[in-house]
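Right, one structure below, let's go through it.
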Amino acid sequence: MIALKHSNRLLKRGAQSLIGSVNSPVRSFKAVNTDMLFAQKAYGPFICDIDGNKYIDYIMSWGAAILGHAFKPVVDEAILAVKNGSSFGLATEQEIQLAEIIKRNYSSIDKIRFTASGTEACMTAVRLARAFTGKTKIIKFDGCYHGHFDSLLVKSGSGNLTLGIPSGEGILPAYSRDTVSISFNDIELFKKAVEVNKKDLACVIVEPVPCNTGVILPQTGFLKALAKICKDNQVVLIFDEVVTGFRLSLKGAQGLFGVKPDLTCFGKIIGGGFPIGAVAGRKEIMDLLAPVGGVYQAGTFSGNPVSISAGIKALECLEKNKKIYIDLEQKTAALVSVIKHEAEANGIKVTINTIGSVFSIFFTDHEVRSYADTLDVDKAFYADFFAQLCQEGVLFPPSAFEACFLSQAHSDAVIGQTAKAVKKIFRMRR
Ligand SMILES: *Cc1c(COP(=O)(O)O)cnc(C)c1O
């Protein structure tokens, strides 16, 4: 058994001054019924806990660390930025530069506003859509997470799912009343939902590849059909690419699937591991934001120079390394294929959804195409699997409804070690 003496001590100490010892619920490991870990440091594909145990990391800051933890070129850039003052209250040239990098990769985007988090980006996107259309209602999809903004916390993915909170307490009914949440991958249902709500419908917000209820793949034609119906009905289409932006490809999910949304939300990767978010899109909509237009949105740390500098470096590295997305995909496919094979060989029922450098393992005997399909996954089995992986020095997400992320730093050796650990665990369970 790995020693968790210091983590356990901090858990008790933390509970006196923090809520459940964490500042974001999934870090509590409550969903896997395991003692939580306190991180001490991370580098490359590894993360170390406070007791000195080292793990191959597949959380990777929920996908933000696509270049690996503490990637030197990004760290150096961030240090330079800090030395020049970490926050100004004035605009900087770097913000324009990061916006230009995003623009040259996303043909759907004319203008960008940086925020301090993905939550703010999604909140602002909805506000913009409402201002642009003069309408109120939002359609979202079950299991998609768009941050913890009131109107979007309806059937919203892992954090809520694993803790069994359907919409969350403390949210005024007035805020969720205008949100319609429907099943992903059901275009007929979507058509109906648009038809019924058309008169009041401002926008549709979607994770083009949902990654917050585990990974769910859009079925062929689903996103294109979605875009067409939105266009035909003059509904603003918002792609929440906080995870998928610069993750599935340089051009995100929209580039991969050839669909142009009206607005796109970013976060995670574009800050190079520092807090960030961005809402971006067509200029007719974006120019409604103050100071050009009348939609108010602001932030002391929006476009923070450290986040922006790190983001520029990270995106430049991704742009320069043309093979990175192909490499990541191949490594991910290799790992997934071993896991599938070992599960089969040991009579363990799994469905593994994967795309690019993300995957999730669902312990179930059927396909997973929507949130409803996740309801009967074997959570207890996942919890045991998670704990055993920790013992083997591999850290998967502490929830049966999250995605695993690879980074450029995950070498073949590290993936081989992961495969070996999975093999050992599955064989023990036979
Ligand atoms: C993480 C995430 C968000 C929220 O971003 P924060 O920076 O955590 O506020 C929004 N949408 C998606 C799809 C996410 O994965």
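The values are calculated or read from the model by the stated rules, or taken from the named source; none is laboratory data. None of these values were measured; they are calculated from a predicted model. Ideal geometry is used to build each Cβ from the backbone, glycine not excepted, and the neighbour counts take in all protein chains shown. SASA here: full protein model, heavy atoms, side chains in, ligands and nucleic acids out. Shrake-Rupley method; radii C 1.70, N 1.55, O 1.52, S 1.80 Å.
Solvent-accessible surface of the chain, taken per residue with a 1.4 Å probe and all protein chains present: 44 Å².
Each 10 Å bin from 0 upward holds the following percent of the Cα-Cα pairs of the chain: 5, 22, 32, 27, 12, 2, 0.
Given a 1.4 Å probe and every protein chain left where it sits, what share in percent of the accessible area of the chain is carbon and sulfur? Using a 1.4 Å probe with all protein chains present, the chain comes out at 54 percent carbon and sulfur.
Backbone N atoms of the stretch 344-386 closer than 13 Å to the 7 Å Cα→Cβ label point of LEU217 belong to residues 351-360, 367-370. Quick note on the stretch 377-430: its Rg to Rh ratio, both from C-alpha atoms and Rh being the Kirkwood radius, is 0.97.
A Gaussian network model of the chain, with springs between Cα atoms under 10 Å, assigns the largest mean-square fluctuation among THR354, THR124, THR220 to THR220. In the chain, a dipole from Cβ-located charges (positive for Lys and Arg, negative for Asp and Glu) runs towards its positive end, and of VAL215, VAL336, PHE114 it is VAL336 whose Cα lies farthest in that direction.
Sparse packing (at most 11 other Cβ atoms within 10 Å of the Cβ) combined with a DSSP loop state is found for the following trypsin sites (Lys or Arg not before Pro) in the stretch 238-339: LYS322, LYS323.
In the structure displayed, which of LYS41/LYS331; LYS268/LYS323; LYS41/LYS423; LYS12/LYS349 lie more than 30 Å apart, Cα to Cα? Violating the 30 Å limit, Cα to Cα: LYS12/LYS349. Of all DSSP bridge pairs formed entirely within the stretch 72-320, close to 35 percent run antiparallel.
Charged neighbours of ILE324, selected by a Cβ distance under 14 Å, balance to +2 (K, R count +1; D, E count -1). Charged side chains reduced to their Cβ positions (Lys and Arg at +1, Asp and Glu at -1) give the stretch 72-320 a dipole of some 420 debye around its Cα centre.
Taking the inverse of the mean 1/r over every pair of distinct Cα atoms in the stretch 37-103 gives a Kirkwood hydrodynamic radius of 14.2 Å. Based on Cα contacts under 8 Å between residues 6+ apart, the chain shows a relative contact order of 23 percent. Quick one: check the C-alpha center-to-center distance for the stretch 237-259 versus the stretch 212-231, whole angstrom. Answer, in whole Å: 12. Exceedance of the 20 Å cut-off in Cα-Cα distance is limited, within the set LYS137/LYS199; LYS83/LYS313; LYS111/LYS224; LYS140/LYS228; LYS103/LYS313, to LYS111/LYS224. Computed about the Cα centre, the dipole magnitude for the chain is approximately 160 debye when only Lys and Arg (+1) and Asp and Glu (-1) carry charge, each at its Cβ. At 4 °C and a viscosity of 1.567 mPa s, what translational diffusion coefficient does Stokes-Einstein give for the stretch 252-376, taking Rh as the Kirkwood radius over Cα pairs? Give it in µm²/s as a whole number. Rounded to a whole number, D works out at 72 µm²/s.
Projecting the Cα atoms of VAL377, GLY85, GLY170 onto the charge dipole of the chain (Cβ charges, centred on the Cα centre) puts GLY85 farthest toward the positive pole. Net charge in the neighbourhood of ILE2 (other residues with Cβ under 9 Å of its Cβ; Lys, Arg +1, Asp, Glu -1) is -2. Scanning the chain for GluC sites (Glu not before Pro) lying in DSSP loops with no more than 14 further Cβ atoms inside 10 Å, the longest uninterrupted stretch between such sites is 170-366. Of ASP232, ASP51, ASP262, the residue with the greatest mean-square motion in the GNM of the chain, using alpha carbon springs below 10 Å, is ASP232.
Summing charges over neighbours of ILE59, with a neighbour being any other residue whose Cβ is under 15 Å away from its Cβ, gives +2 when K and R count +1 and D and E count -1. Both radii come from the Cα set of the stretch 164-264: Rg as radius of gyration, Rh as Kirkwood radius; their ratio Rg/Rh reads 0.97. If the Kirkwood radius is taken over C-alpha pairs of the stretch 72-320, then at 10 °C and 1.306 mPa s the Stokes-Einstein diffusion coefficient equals 87 µm²/s.
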